[in-house]
Amino acid sequence: MKIQKILIANRGEIAIRIMKTARLMKIRTVAIKTILEPNAMYLSYADEIYDNSEDVSEIPVFLDIEKLISIALNTGANAVHPGYGFLAESAYFAQKCHDNKIIYIGPSPDAIYKMGNKMIARRLALKNNIPMAMGSEGNISNEEEAVQVAEKIGYPVIIKAASGGGGRGMRIVRKSEEMERMFITASKEAEKAFNDPSVFIEKYIENPKHIEFQILGDQHGNIIHLGERECSIQRKHQKLLEEAPSCALDSNLRKKMGSMATQIAKAVNYYSAGTVEFLLDSDKNFYFMEMNTRIQVEHPVTEAITGYDLIEQQIRIANGETLKISQEDVKLKGWAIECRINAEDVQAGFAPDPGKIESFSMPSDSYVRVDTGIQAGSSIVSSYDSMIAKLIVKGKDRKEAIKNCKLALDKVWIKGTKTTLPLFRLIVRNQNFLDGTFTTAFIEKDLEKYYYNSDYEEMLAAWLATTLFVEENLQENSINVDFENVREMSPWLLNKRITQF
């Protein structure tokens, strides 16, 4: 059975991303219309729309497995693509698709389950001689056991959720006095996020780099990697900026880590796209972290330097086709950087800032790619993630990619909500970033402030603030100014009605 119609079990930019490739492959797609986003941009890219906007149930449709299966059957979609997030790493969802003769565009339920359970993944890694940080042999049942394991391993340690990922259910513990509080917090967070309170403990590697390898495998036993991505620019284990390749790896280390990535994938007969994540310490020792059994948010940087469409590869693999790319075919050309532009108030601890996008303009230069599900008039709703767009920039080398990234960021125009743009402008001008010496501690330790102000921005911010002040205070040609209460202005402190650059 070949894929003829795909139900996109997701929304936003990843839904559009999948639909674009499916259209090129002459495969029809079905999008789901919801009550929260009845006029969402992604709906216009689908061949068919299933109207679920009358559904007011407590469980969102993108989390309702039975509903999604029903929609696929009712619309005649013989395949489902989960995108990322939501149900993209649910072995149960994949199995329900198989049970209903629906092609699941992703790995097998068995591989999703084994790699999704971090303790099973650890055991597989150890069995296959994949380097691992020291850790507990199984899940930790209580705080007392956690203290015993931590003292055996040696502080600092990190508590991790046994299920799921994305930085949730993770806490760093530096001394025994902190263990009880951190253990309870991590366990509760894991239960809330993954419906599984199980946690385990690993030795915490101080200030490492976070390196992940993109892999592709078919259903005939062929597995390759497409090089690495540098993902160390993150906050609380949430990635902010990614690049490919990583300046921390030379060809020998890349070959060694890539070999380990494909080896762990082979251990579960993996097929489809997937990502194997490692920590790299200052002595170039690397340690297996986990495997993400789905397409990643940051996959465009790999596409930019390899020329391969990962969504197309996923669809072809799900169709049962043999992988037509060998490891020798993979050549890394140039450098790419991705900035995740989110509707967040960085100065308020990266708090989401939902609202309506009043105006939206992105650069269209040849070295720029923009993946977005937002346009002028779109709303960022609190029920979904706060992503506005992914700005992907390429150059012939890292220096040119950074230069192009600076230029591209300065051409972005978003009005209606606060964004992470000022943070990215600061990052691409930071010396540690430019030198490539940054680690996962970069945001917390290397940035003295969270926004970048150019002279142009300061002048424009002052002009906009003055204009707003005059509009609001002009009464009968008379303005009363209380100079004693004038506060310092910056783009981050301006009213939402002022444009965020």
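Taking the stretch 242-272 as the search range and keeping residues that are aliphatic (A, V, I, L, M) and touching a Ser or Thr at 6+ places or on another chain (Cβ under 9 Å), which one is nearest to Val297 (Cα to Cα)?
Ala244
Here's the yes/no breakdown for (1) free of Cβ contacts under 8 Å to residues at least 60 places away in the same chain; (2) more than 30 Å from Asn10 (Cα to Cα):
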| site | (1), (2) |
| --- | --- |
| Gly116 | no, no |
| Ala121 | no, no |
| Lys127 | no, yes |
| Glu151 | yes, yes |
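Among the residues of the stretch 263-279, which ones are more than 26 Å from Arg340 (Cα to Cα) and buried (at least 20 other Cβ atoms within 10 Å of the Cβ)?
Ile264, Ala265, Val268, Tyr270, Tyr271
Any chance you could count how many residues in the stretch 216-232 are surrounded by fewer than 24 Cβ atoms within 10 Å (Cβ to Cβ) and closer than 25 Å to Leu391 by Cβ?
Total satisfying the criteria: 1.
Please verify whether the stretch 145-157 includes one or more residues that are charged (D, E, K, R), more than 23 Å from Met257 (Cβ to Cβ), touching a Phe, Trp or Tyr at 6+ places or on another chain (Cβ under 6 Å) and not assigned by TED's automatic domain parsing to the domain that holds Tyr84.
Looking for residues that are charged (D, E, K, R), more than 23 Å from Met257 (Cβ to Cβ), touching a Phe, Trp or Tyr at 6+ places or on another chain (Cβ under 6 Å) and not assigned by TED's automatic domain parsing to the domain that holds Tyr84, one finds none in the stretch 145-157, hence no.
Among residues belonging to the stretch 97-127 that are modelled with pLDDT of 95 or more and among the basic types (Lys, Arg), point out the one that is surrounded by the fewest Cβ atoms within 10 Å (Cβ to Cβ).
Lys101
Tally the residues that are under 29 Å from Lys236 (Cβ atoms) and of a type in the set (Ser, Thr, Tyr), restricting the search to the stretch 299-358.
Going through the stretch 299-358 one residue at a time, the tally reaches 1.
Does the stretch 338-359 contain any residue that is crowded, with 23+ Cβ neighbours inside 10 Å, in the same structural domain as Ile402 (by TED's automatic domain parsing), within 20 Å of Leu226 (Cβ to Cβ) and touching a residue at least 24 places away in the same chain (Cβ under 8 Å)?
yes
Which ranges mark the strands (runs of 3 or more DSSP E) fully within the stretch 257-363 that have 2 or more residues being among the β-branched types (Val, Ile, Thr)?
Those strands (runs of 3 or more DSSP E) span 272-280, 335-342.
Within the set of pairs 6+ apart or on separate chains, which have a first residue in the stretch 386-415 that is without any contact (Cβ under 8 Å) to a residue 24 or more places away in the chain, a second that is part of a loop (DSSP other than H, G, I, E, B) and surrounded by 18 or more Cβ atoms within 10 Å (Cβ to Cβ), and C-beta atoms under 8 Å apart?
Listed by first residue and then by second, the contacts come to Lys406/Val428.
Provide a single number: the residues in the stretch 370-419 that are of a type in the set (Lys, Arg) and surrounded by fewer than 17 Cβ atoms within 10 Å (Cβ to Cβ).
Number of matching residues: 5.
Only one residue in Val80, Val30 is over 24 Å from Asn292 (Cβ atoms) and not assigned by TED's automatic domain parsing to the domain that holds Thr372. Which one?
Val30
Out of all the residues in the stretch 292-306, is one or more farther than 28 Å from Val268 by Cβ and not assigned by TED's automatic domain parsing to the domain that holds Lys20?
Yes, there is a match, as at least one residue in the stretch 292-306 is farther than 28 Å from Val268 by Cβ and not assigned by TED's automatic domain parsing to the domain that holds Lys20.
Is it fair to say Arg229 is of a type in the set (Lys, Arg) and in the same structural domain as Glu298 (by TED's automatic domain parsing)?
Spelling it out, Arg229 is indeed of a type in the set (Lys, Arg) and in the same structural domain as Glu298 (by TED's automatic domain parsing).
Right, Ser366: at pLDDT 95 or above and either in a loop (DSSP other than H, G, I, E, B) or surrounded by fewer than 17 Cβ atoms within 10 Å (Cβ to Cβ) (or both) or not?
yes
So if I check each of Ser251, Ser282, which one is modelled with pLDDT under 95 and either in contact with a helix residue (DSSP H, G or I) (Cβ under 9 Å, 6 or more places away or on another chain) or surrounded by fewer than 21 Cβ atoms within 10 Å (Cβ to Cβ) (or both)?
The conditions single out Ser282.
Scan the stretch 44-64 for residues that are among the acidic types (Asp, Glu) and at pLDDT below 95 and jot them down.
Those that are among the acidic types (Asp, Glu) and at pLDDT below 95: Glu54, Asp55, Glu58.
What pairs come out if I take residues in the stretch 295-315 that are under 17 Å from Asp329 (Cβ atoms) and pair them with residues that are hydroxyl-bearing (Ser, Thr, Tyr) and outside any loop (DSSP other than H, G, I, E, B) whose C-beta lies under 7 Å away, six or more apart or interchain?
The qualifying pairs are Asp309/Thr21; Leu310/Thr302; Glu312/Thr21.
Pro131 - would you say it is in a loop (DSSP other than H, G, I, E, B), in contact (Cβ under 8 Å) with a residue 40 or more places away in the chain and crowded, with 21+ Cβ neighbours inside 10 Å?
For Pro131, the condition - in a loop (DSSP other than H, G, I, E, B), in contact (Cβ under 8 Å) with a residue 40 or more places away in the chain and crowded, with 21+ Cβ neighbours inside 10 Å - is not met.
Quickly run through the stretch 203-224 and pick out the residues that are in a strand (DSSP E or B), more than 19 Å from the chain's Cα centre (by Cα) and at pLDDT 95 or above.
Those that are in a strand (DSSP E or B), more than 19 Å from the chain's Cα centre (by Cα) and at pLDDT 95 or above: Gly217, Ile223, Ile224.
I'd like to verify a number: residues in the stretch 164-197 that are closer than 21 Å to Glu151 by Cβ and not basic (Lys, Arg), how many?
Final tally of qualifying residues: 14.
Right, Phe213: aromatic (Phe, Trp, Tyr) and out of contact with any Phe, Trp or Tyr (no Cβ under 8 Å at 6 or more places or on another chain) or not?
No: the conditions fail for Phe213.
Ala88 - would you say it is more than 20 Å from the chain's Cα centre (by Cα), buried (at least 20 other Cβ atoms within 10 Å of the Cβ) and touching a residue at least 60 places away in the same chain (Cβ under 8 Å)?
No; evaluated as a whole, the condition is false for this residue.
Give Ser141, Ser108 a once-over and let me know the one that is within 22 Å of Glu66 (Cβ to Cβ) and among the hydroxyl-bearing types (Ser, Thr, Tyr).
Criteria check complete, one pass: Ser108.
The values are calculated or read from the model by the stated rules, or taken from the named source; none is laboratory data. No experiment lies behind these values; they were computed from the predicted model shown. Note: ideal-geometry Cβ built from the backbone for every residue, glycine included; neighbour counts use all protein chains shown.
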